[in-house]
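The values are calculated or read from the model by the stated rules, or taken from the named source; none is laboratory data. Bear in mind the structure is a predicted one, so any value in this text is a computation, not a measurement. Cβ placement follows ideal geometry from the backbone for every residue including glycine, while neighbour counts extend to all protein chains displayed.
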Amino acid sequence: MSYPESHMSARDEDAAAGIEITNEFERFTQRNDVFTRAFWDDTVRTKQTDGFFASYRMQATPRRGDGFTQRDFALRNASWLISDVMTDRHADQGRREGFQAPISYDTPIAPTQVEIDDTAAMSKEIKHVAKFFGADLCGITDMDERWLYASRIDTRDLSEAPNELPEGMTSVIVLGHEMDAELVATYPSALAGAATGREYSHEASVVMQLAAYVRNLGYEAVASMNDTALVIPYAVKAGLGEYARNQLVITPEFGPRLRFSKIFTNMPLSHDTPEPKGVKAFCDICTKCADACPVKALPFGPPQVGGSNISAIKGVRKWTSDAEKCFSFWAKTSTDCAICMRVCPFNRDFKTWQHRAWLKLALSRFRKIALWLDRKRGARVKPSTWWAD
């Protein structure tokens with residue numbers, strides 16, 4: 001479903017997407033995200049965090065058992081390779097592209113613009129091309145500047161730098177990339193981290209190729225991964241899914257098992273409509289992710305405004321994790337953790353009729369029954385079983 005941009009006010013769009021903004025709202029400063037803080041903030045940076053980053057260069061010696069062997073770390077780090085090559089190519093300019101800076105243009109903008117008389121047809125074409133390049137989901141929403149970072153990071157000295165986009169951007173193309181379900185089932189482990197790294201490498205390729213296609217049609221297209229803006233609000237507004245207690249977007253196709261990338265463009269496009277179906281109501285009665293979090297970084301109560309430290313955005317009523325606690329566990333294990341993704345009742349294969357039936361129940365007034373039916377799911381799978389297949 002699409003609508004002309006002028007037919008919805010920002011307030012109406014927020015309401016449709018389940019976003020509640022308060023008078024205390026401030027755009028987020030990227031220097032305050034917990035990963036960047038690990039480089040400059042002594043309250044976050046420890047020997048463990050240094051070891052966490054070193055492990056991605058195979059400079060940390062694996063010292064644990066199943067799921068944390070050299071083979072597991074080797075696969076995880078190899079899965080990141082394409083993303084790392086793209087990310088590091090302009091490091092001498094203070095640009096860690098895809099994470100602390102948008103991805104540079106690798107192709108020029110064609111001097112002649114393709115005429116677009118039907119924005120809905122053009123949006124359909126973009127989604128078709130996105131699928132061809134390998135995106136699992138694609139939605140389009142308006143360019144909402146509230147979710148842009150107030151500033152980005154110059155990685156040479158960790159100072160704030162202008163977070164600039166070309167003028168006239170009107171749309172954000174949001175791409176979803178499915179993570180491997182079998183690897184996700186082994187979280188927490190270095191092996192499971194390969195599911196994350198593989199999708200970052202995949203999304204780097206997909207988002208750069210789709211952006212090049214848009215530029216070849218004569219329009220601006222800035223490819224972006226974790227940089228430039230918070231992607232979750234755009235994904236929700238683009239109708240791809242709903243925000244959940246575990247800080248993830250729940251999609252009807254893959255549940256929470258996705259990474260997202262985005263493209264900022266001035267191409268005339270129709271925008272998708274957010275269509276909440278009841279995920280929030282389910283999360284209101286479900287605390288499986290919060291119960292399973294080993295450091296209790298996830299909230300138990302209703303959505304609140306703000307968070308426990310500067311890594312939380314101000315002025316948005318939502319479920320907010322304690323990023324410092326969360327990252328401390330990542331540092332301790334020398335790899336990323338997605339236990340909250342693994343145990344989420346929506347982490348299912350919705351291609352099967354049984355799970356589609358469960359989803360219908362979970363999004364209905366019978367959600368308590370769906371939660372009861374899920375009570376034995378989400379147990380960790382031994383990483384060694386993945387290698388044995």
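When Arg57, Arg89 are screened for being among the charged types (D, E, K, R) and closer than 30 Å to Arg380 by Cα, only Arg57 passes. Within segment 338-357, residues that are free of Cβ contacts under 8 Å to residues at least 40 places away in the same chain reach partners that are not small (Gly, Ala, Ser) with beta carbons closer than 6 Å, at six or more positions or on different chains, in the pairs His355/Arg348; His355/Asp349; Arg356/Phe350. Give me a count of the residues in segment 56-92 that are touching a Ser or Thr at 6+ places or on another chain (Cβ under 6 Å), at pLDDT below 95 and either closer than 23 Å to Asp227 by Cβ or among the hydroxyl-bearing types (Ser, Thr, Tyr) (or both). The number of residues fulfilling the criteria is 0. Across segment 347-368, the qualifying residues are those that are among the aromatic types (Phe, Trp, Tyr) and either modelled with pLDDT under 95 or assigned to a helix (DSSP H, G or I) (or both), and the one among them that is surrounded by the fewest Cβ atoms within 10 Å (Cβ to Cβ) is Trp353.
Selection of segment 202-242 for residues being under 19 Å from Gly278 (Cα atoms), crowded, with 22+ Cβ neighbours inside 10 Å and of a type in the set (A, V, I, L, M) yields Ala235, Val236, Ala238, Leu240.
For Glu182, the criteria (1) within 30 Å of Asp72 (Cα to Cα); (2) of a type outside the set (Gly, Ala, Ser); (3) in contact (Cβ under 8 Å) with a residue 40 or more places away in the chain; (4) in contact with a Lys or Arg (Cβ under 9 Å, 6 or more places away or on another chain) hold in every case but one, which is (4).
Filtering Leu148, Leu158 for residues that are closer than 26 Å to Ile310 by Cβ and at pLDDT 95 or above leaves a single hit, Leu148. For segment 281-313, name all the residues that are within 20 Å of the chain's Cα centre (by Cα) and either of a type in the set (S, T, N, Q) or part of a loop (DSSP other than H, G, I, E, B) (or both). Residues satisfying the conditions are Cys293, Ala297, Leu298, Pro299, Pro303, Gly306, Gly307, Ile310, Ser311, Ala312, Ile313. When segment 39-55 is limited to residues that are free of Cβ contacts under 8 Å to residues at least 60 places away in the same chain and under 14 Å from Lys332 (Cα atoms), the one that is surrounded by the fewest Cβ atoms within 10 Å (Cβ to Cβ) turns out to be Lys47.
For segment 217-226, the criterion of being within 21 Å of Thr36 (Cα to Cα), in contact (Cβ under 8 Å) with a residue 40 or more places away in the chain and of a type outside the set (Gly, Ala, Ser) is met by at least one residue. Applying the condition of being among the hydroxyl-bearing types (Ser, Thr, Tyr) and under 19 Å from the mean Cα position of the chain (by Cα) to segment 314-373 and asking which residue is farthest from Ala60 (Cα to Cα) yields Thr320.
So that you can scan it fast, the table gives a plain yes or no per residue for (1) out of contact with any Lys or Arg (no Cβ under 6 Å at 6 or more places or on another chain); (2) modelled with pLDDT of 90 or more; (3) within 15 Å of Thr141 (Cα to Cα); (4) not aliphatic (A, V, I, L, M):
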site	(1), (2), (3), (4)
Asp12	yes, no, yes, yes
Asn23	yes, yes, no, yes
Arg27	yes, yes, no, yes
Arg31	yes, yes, no, yes
Val34	yes, yes, no, no
Arg37	yes, yes, no, yes
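Which residues, counting only those in segment 369-384, are free of Cβ contacts under 8 Å to residues at least 12 places away in the same chain and assigned to a helix (DSSP H, G or I)? Of everything in segment 369-384, those that are free of Cβ contacts under 8 Å to residues at least 12 places away in the same chain and assigned to a helix (DSSP H, G or I) turn out to be Ile369, Trp372.
The set of residues in segment 122-140 that are surrounded by 17 or more Cβ atoms within 10 Å (Cβ to Cβ) and either of a type in the set (D, E, K, R) or touching a Ser or Thr at 6+ places or on another chain (Cβ under 7 Å) (or both) comprises Ser123, Lys127, Asp136, Leu137, Ile140.
Of all residue pairs spaced 6 or more apart or on separate chains, those with beta-carbon atoms under 7 Å, a first member in segment 238-261 that is on the phi > 0 side of the Ramachandran plot and a second member that is among the aromatic types (Phe, Trp, Tyr) are Gln247/Trp319; Gly255/Phe346. Selection of segment 300-330 for residues being modelled with pLDDT under 95 and either crowded, with 17+ Cβ neighbours inside 10 Å or in contact with a helix residue (DSSP H, G or I) (Cβ under 9 Å, 6 or more places away or on another chain) (or both) yields Gly307, Ser308. The set of residues from segment 308-346 being among the aliphatic types (A, V, I, L, M) and closer than 27 Å to Ser79 by Cβ comprises Ala323, Ala331, Ala338, Ile339, Met341, Val343.
If you go through segment 272-293 and keep only what is in contact with a helix residue (DSSP H, G or I) (Cβ under 6 Å, 6 or more places away or on another chain) and over 17 Å from Pro345 (Cβ atoms), you end up with just Pro274.
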